[in-house]
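The values are calculated or read from the model by the stated rules, or taken from the named source; none is laboratory data. Just so it is clear, the model here is predicted, and its values are computed rather than measured. Here the Cβ is made from the backbone with ideal geometry for all residues, glycine too, and neighbour counts use every protein chain on show. What goes into the accessible areas is simple: the full protein's heavy atoms, side chains included, and nothing from ligands, DNA or RNA. Shrake-Rupley method; radii C 1.70, N 1.55, O 1.52, S 1.80 Å.
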Amino acid sequence: MNILRKQFLAHVGQTSPSPMLVEVERAEGVYFYTPEGKRYYDLIAGVSVSNVGHANPAVVKAVQEQAAKYMHVMVYGELVETPQVRYAKLLAEHLPGEIESIYFLNSGAEAVEGALKLAKRYTGRTEMISMRRAYHGSTHGVMSMMGQPEGEEWKQAFRPLLPDTKAIEFNDFEALTEITERTACVLVEPIQGEAGVRPPAKGYLEALRRRCDEVGALLIFDEIQVGMGRTGAMFASTRLGVTPDIICLAKALGGGMPLGAFAARHEIMDTLQTNPVLGHITTFGGHPVCCAAGLAAMEYLLANRVLEGVETKGALYESLLKDHSAVREIRRAGLLLAVELGRSDRLYRIMEIFKEIGILSDWFLFCDTAFRISPPLVITEAEILESVLLIREALDRLETELP
């Protein structure tokens, strides 16, 4: 083991006892490379972060130019900073409904934390409802909204968490009656990600929207993973035709830089200004370099009409993999795919094979029988075809080893 890997294990906090230990020297487009020159297909894009590809020239240029002008001054509350304002305006032009006020933060978990506080502040209520098999982040408040019972493995060691929270079953129409006049908000992924790419049943989000309206609860969409073009629309809520009261964004929002946000109508967002003043504050949220990167990435998506090809690319992956005998099912939303293998031992083994042959994939927190395909949205047809050959090679080996 080389010196850098030893120092990594000695000094960088680990999240599991068995890290991959693949060293990254550089990344470009849909690939990253080790110091030894081995090339990997990045088929998770940093978990739907690098939508415009690694080292996208437009994003790199924006970062360099903004860093040369100014980095951190004071982000929130007083100073007008061009990257932040320009990005907020562009986002508002594409967000659904009348959502036009964007509060920038550092991450997805922070975005959800801010959205939950905003819902309590606006409604004056305390009960918050999430969905089973939901993942929204790992901070204390957000962990409280991790859907039971699947989330207990992660939550139990950190209790007590927030009170007055509960989870209902996603796509269960009857469970909507649990949303009442006590409910401040319902937090939902319009397409469940860590559950293994689970789309909403026909009419479910519409029924959820109606129920929230009936009882005066706010509807919060977590589009952290599916936003910024992943489903083929800039925002999944637009594609699905249902507008939330608050929308949470992160991952691809920063174009590869750390950036999160929650957005709402002014009548909702403006309640954070009083009782108390500074109801939600942040030191680095909306950092000018991060906003410059995110703005450049979004402008790139729009100028190059990248979203128009997302559905076709996702369908191509699906069509080329669904006939393999090791594949039980493929669940898909645009370029977010869960390739179901049916068994966790097969899933863990194929991760090892992927590492050997040069593919970076991952599984889902609440679905350890399927692997993830969510490459940069700029992946070409030729790159899809080549990566599929590698995936099928891995699937062939898997069937030989674990019939």
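Structural remarks
- Selection within segment 162-185 - touching a helix residue (DSSP H, G or I) at 6+ places or on another chain (Cβ under 6 Å) and among the aliphatic types (A, V, I, L, M): Leu162, Ile168, Leu176, Ile179, Ala184
- With respect to the conditions (1) free of Cβ contacts under 8 Å to residues at least 60 places away in the same chain; (2) buried (at least 17 other Cβ atoms within 10 Å of the Cβ), Gly13 falls short on a single one, namely (2).
- Some residue of segment 117-129 being open to solvent by 50 Å² or more (accessible area, probe 1.4 Å), touching a residue at least 40 places away in the same chain (Cβ under 8 Å) and over 18 Å from Glu181 (Cα atoms): no
- Enumerated helices (runs of 4 or more DSSP H) restricted to segment 1-110, each holding at least 1 residues that are more than 25 Å from Ile391 (Cβ to Cβ) and of a type outside the set (Phe, Trp, Tyr): 3-11, 57-69, 82-94
- Single residue of Gly232, Gly256 found to be open to solvent by 20 Å² or more (accessible area, probe 1.4 Å), of a type outside the set (A, V, I, L, M), in contact with a Gly (Cβ under 6 Å, 6 or more places away or on another chain) and under 21 Å from Pro376 (Cβ atoms): Gly232
- Single match in Glu36, Glu98 (criterion: charged (D, E, K, R), more than 17 Å from the chain's Cα centre (by Cα), under 27 Å from Tyr348 (Cβ atoms) and surrounded by fewer than 16 Cβ atoms within 10 Å (Cβ to Cβ)): Glu36
- Pick from segment 318-351, criterion in a loop (DSSP other than H, G, I, E, B) and hydrophobic (A, V, I, L, M, F, W, C), ranking: nearest to the chain's Cα centre (by Cα): Leu335
One line per residue, one yes/no per condition, for (1) in contact with a strand residue (DSSP E or B) (Cβ under 8 Å, 6 or more places away or on another chain); (2) not polar (S, T, N, Q):
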| site | (1), (2) |
| --- | --- |
| Asn304 | no, no |
| Leu307 | no, yes |
| Glu311 | no, yes |
| Leu335 | yes, yes |
| Glu352 | no, yes |
| Phe364 | yes, yes |
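- Positions within segment 176-213 being of a type in the set (A, V, I, L, M), more than 27 Å from Ser48 (Cα to Cα) and free of Cβ contacts under 8 Å to residues at least 60 places away in the same chain, in sequence order: Leu176, Ile179, Ala207
- Residue among Thr312, Thr400 that alone is open to solvent by 10 Å² or more (accessible area, probe 1.4 Å), over 29 Å from Gly256 (Cα atoms), without any contact (Cβ under 8 Å) to a residue 12 or more places away in the chain and hydroxyl-bearing (Ser, Thr, Tyr): Thr400
- Taking the conditions (1) open to solvent by 50 Å² or more (accessible area, probe 1.4 Å); (2) at pLDDT 95 or above; (3) farther than 12 Å from Pro190 by Cα in turn, Ile246 satisfies each one other than (1).
- Residue that is nearest to the chain's Cα centre (by Cα), among those in segment 212-229 that are surrounded by fewer than 21 Cβ atoms within 10 Å (Cβ to Cβ) and not in a loop (DSSP other than H, G, I, E, B): Asp213
- Some residue of segment 41-56 being among the polar types (S, T, N, Q) and modelled with pLDDT under 95: no
- Residue in segment 337-346 that is crowded, with 16+ Cβ neighbours inside 10 Å and either β-branched (Val, Ile, Thr) or in contact with a Pro (Cβ under 7 Å, 6 or more places away or on another chain) (or both) present: yes
- Test: residue in segment 191-210 that is modelled with pLDDT of 95 or more, within 19 Å of Cys248 (Cβ to Cβ), of a type in the set (Gly, Ala, Ser) and more than 23 Å from the chain's Cα centre (by Cα): no
- Lone qualifier among Arg239, Arg209 - being of a type outside the set (Asp, Glu), open to solvent by 40 Å² or more (accessible area, probe 1.4 Å) and outside any strand (DSSP E or B): Arg239
- For first residues located in segment 276-290 and over 18 Å from Glu113 (Cβ atoms) and without any contact (Cβ under 8 Å) to a residue 12 or more places away in the chain, partners that are open to solvent by 30 Å² or more (accessible area, probe 1.4 Å) and not β-branched (Val, Ile, Thr) and lie 6+ apart or on another chain with Cβ distances below 7 Å do not occur.
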